[in-house]
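J.: The following block contains the structure, expressed as structure tokens.
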Amino acid sequence: MAGNNDSNKITRDYLDSLLIEQRLIDSTLPSAKTVILGKEYSTPIMNAAFSHLEKAHPGYPQAMAEGFKGAGALNMWGMSTDEEMEKIYATGADTIEIIKPYAEEKEIFHRIEFALSHGAVAVGMDIDHAYGRNGAYDEVGGIKMEPKSLEQIGKYVEAAGDKPFVVKGVLSASDALKCVKAGVKAIIISHHHGIFDGAVPPLQILPEIKEVVGDNIEIYADCGFDTALDVFKALAIGAKAVSVSRAILDKTYDTGAEGVTKEINSMTAELVSIMGRCGFATTDSINDSVLWSR
């Protein structure tokens, strides 16, 4: 039992400790349009790198991709079979494929090549699946994982060619700087929904990461972002985009792509209202000057 070290509860408590002030005079109706990896999207809200959903909910990964496409949002997906990923790419949704840190390097390069050949807008790696809780390297579905070196990540960046390479699971300035050195274009600040206990909340460490990497890499936030207010707080602290999809899963299993689009549009509309109330006309202009601690 994680007890008081439950990373998800710690993250939720930290998010809830942040308050916002109001700045109405001279404000105008904002736009949530956001440029991510060089392309403009209707919202800074993006999908999370889900895995293994096809077996439990057949057809849902494709519906989710279609839903994000319908909302003008960026899709992202994790560990899946080639057949499952082909169905996701067939939707035409802009998709980042996030690869597990397989011990077998050949599988990693296959997945990179597969993603590129199927039109992925970017490809990346979920580095936080390196260790299990049993004193050994992690295994996912019986497949062995391993931590990766700076040199290895650099080779993945090279294999991606002109497509951006993204690293998910960065939770320190040290790893963030190594990603910059390797040529990574974006990092996702995440503890993988509490993959280990006592993890620092992504938004608590984000300012330190932002300070050391500057504008050399895009920063996205993941873990526990359930509402438009959560998204706003992440943007204010320095994230360019935010994964919120876990919050909409239970609401959209039965409503399909239309339900996913509706949820994202609703959350984006609420984000626009919060931006206006705080005096920010664009997502890039949002900053932490409106944040207070409880």
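The values are calculated or read from the model by the stated rules, or taken from the named source; none is laboratory data. None of the values given here were measured: they were computed from a predicted structure. Every residue, glycine as well, gets a Cβ built from its backbone with ideal geometry; the counts of neighbours run over all protein chains shown.
J.: Please work out which residue is surrounded by the most Cβ atoms within 10 Å (Cβ to Cβ), limiting yourself to the stretch 104-113 and to residues that are of a type outside the set (Asp, Glu) and more than 21 Å from Ile187 (Cα to Cα). Quick ask: steps written out before the conclusion?
T.: Of all residues in the stretch 104-113, those of a type outside the set (Asp, Glu) come to 106, 108-112.
Restricting the remaining residues to those that are more than 21 Å from Ile187 (Cα to Cα) gives 106, 110.
Working: Lys106: 8, His110: 14.
Here the residue is His110.
J.: More than 23 Å from Met76 (Cα to Cα) and basic (Lys, Arg): does that describe Arg277?
T.: Taking the combined requirement at face value, the residue satisfies it.
J.: Considering only residues that are assigned to a helix (DSSP H, G or I) and of a type in the set (Gly, Ala, Ser), look in the stretch 65-86 and name the one that is nearest to Ala122 (Cα to Cα).
T.: Residue satisfying both the conditions and the ranking: Ala65.
J.: Within the set of pairs 6+ apart or on separate chains, which have a first residue in the stretch 164-180 that is touching a residue at least 60 places away in the same chain (Cβ under 8 Å), a second that is part of a helix (DSSP H, G or I), and C-beta atoms under 8 Å apart?
T.: Within 8 Å, the pairs are Lys168/Ile127; Lys168/Asp128.
J.: Exactly one of these conditions fails for Lys148: (1) at pLDDT below 95; (2) assigned to a loop (DSSP other than H, G, I, E, B). Give me its number.
T.: (1)
J.: For the stretch 167-176, does any single residue satisfy the condition of being assigned to a loop (DSSP other than H, G, I, E, B) and either crowded, with 21+ Cβ neighbours inside 10 Å or acidic (Asp, Glu) (or both)? First the steps, then the outcome.
T.: To start, the set of residues in the stretch 167-176 that are assigned to a loop (DSSP other than H, G, I, E, B) comprises 171-172.
Checking the rest, the ones that are also either crowded, with 21+ Cβ neighbours inside 10 Å or acidic (Asp, Glu) (or both) come to 171.
Within the stretch 167-176, one or more residues are assigned to a loop (DSSP other than H, G, I, E, B) and either crowded, with 21+ Cβ neighbours inside 10 Å or acidic (Asp, Glu) (or both).
J.: Scan the stretch 10-59 residue by residue and report those that are among the hydrophobic types (A, V, I, L, M, F, W, C), under 20 Å from the mean Cα position of the chain (by Cα) and assigned to a loop (DSSP other than H, G, I, E, B).
T.: The answer is Ala32, Leu37, Ala48, Ala49.
J.: Also: What is the residue count in the stretch 16-31 for residues that are out of contact with any Phe, Trp or Tyr (no Cβ under 9 Å at 6 or more places or on another chain) and among the hydrophobic types (A, V, I, L, M, F, W, C)?
T.: Total satisfying the criteria: 3.
J.: Which residues, taken from the stretch 180-218, are small (Gly, Ala, Ser) and either in contact with a His (Cβ under 7 Å, 6 or more places away or on another chain) or within 16 Å of Tyr14 (Cβ to Cβ) (or both)?
T.: Restricting attention to the stretch 180-218, the residues satisfying the condition of being small (Gly, Ala, Ser) are 182-183, 186, 190, 194, 198-199, 214.
Once the filter is applied, which keeps residues that are small (Gly, Ala, Ser) and either in contact with a His (Cβ under 7 Å, 6 or more places away or on another chain) or within 16 Å of Tyr14 (Cβ to Cβ) (or both), the stretch 180-218 yields Ser190, Gly194, Gly198, Ala199.
J.: Take the stretch 139-159 and flag every residue that is over 12 Å from Gly183 (Cβ atoms) and surrounded by 11 or more Cβ atoms within 10 Å (Cβ to Cβ).
T.: Glu139, Val140, Ile143, Lys144, Met145, Glu146, Pro147, Lys148, Ser149, Gln152
J.: In this structure, does Asp284 turn out to be closer than 23 Å to Ser51 by Cβ, at pLDDT 95 or above and of a type in the set (D, E, K, R)?
T.: For Asp284, the condition - closer than 23 Å to Ser51 by Cβ, at pLDDT 95 or above and of a type in the set (D, E, K, R) - is not met.
J.: Sticking with this structure for a sec: Return the total of residues in the stretch 269-294 being crowded, with 22+ Cβ neighbours inside 10 Å and either among the hydroxyl-bearing types (Ser, Thr, Tyr) or within 18 Å of the chain's Cα centre (by Cα) (or both).
T.: Count: 2.
J.: Tell me which of these Tyr89 doesn't satisfy, since it passes every other one: (1) out of contact with any His (no Cβ under 6 Å at 6 or more places or on another chain); (2) in a helix (DSSP H, G or I).
T.: With (1) out of contact with any His (no Cβ under 6 Å at 6 or more places or on another chain); (2) in a helix (DSSP H, G or I) applied to Tyr89, the lone miss is (1).
J.: Taking the stretch 46-61 only, how many residues are surrounded by 20 or more Cβ atoms within 10 Å (Cβ to Cβ) and either touching a residue at least 60 places away in the same chain (Cβ under 8 Å) or β-branched (Val, Ile, Thr) (or both)?
T.: 6
J.: Quick check on the stretch 114-138: of everything there that is over 22 Å from the mean Cα position of the chain (by Cα) and not hydrophobic (A, V, I, L, M, F, W, C), which residue is surrounded by the most Cβ atoms within 10 Å (Cβ to Cβ)?
T.: It comes out as Tyr137.
J.: Right, here's the next one. Only one of these conditions is not met by Asp162: (1) buried (at least 17 other Cβ atoms within 10 Å of the Cβ); (2) of a type outside the set (Gly, Ala, Ser); (3) in a loop (DSSP other than H, G, I, E, B). Which number is it?
T.: Of everything listed in (1) buried (at least 17 other Cβ atoms within 10 Å of the Cβ); (2) of a type outside the set (Gly, Ala, Ser); (3) in a loop (DSSP other than H, G, I, E, B), Asp162 misses just condition (1).
J.: Evaluate the stretch 111-118: report whether one residue or more is at pLDDT 95 or above and farther than 28 Å from Ala182 by Cα. Walk me through it before giving the result.
T.: Here is the first cut: in the stretch 111-118, the residues at pLDDT 95 or above are 111-118.
Subsequent filtering for residues that are farther than 28 Å from Ala182 by Cα retains none.
Checking the stretch 111-118: not a single residue is at pLDDT 95 or above and farther than 28 Å from Ala182 by Cα.
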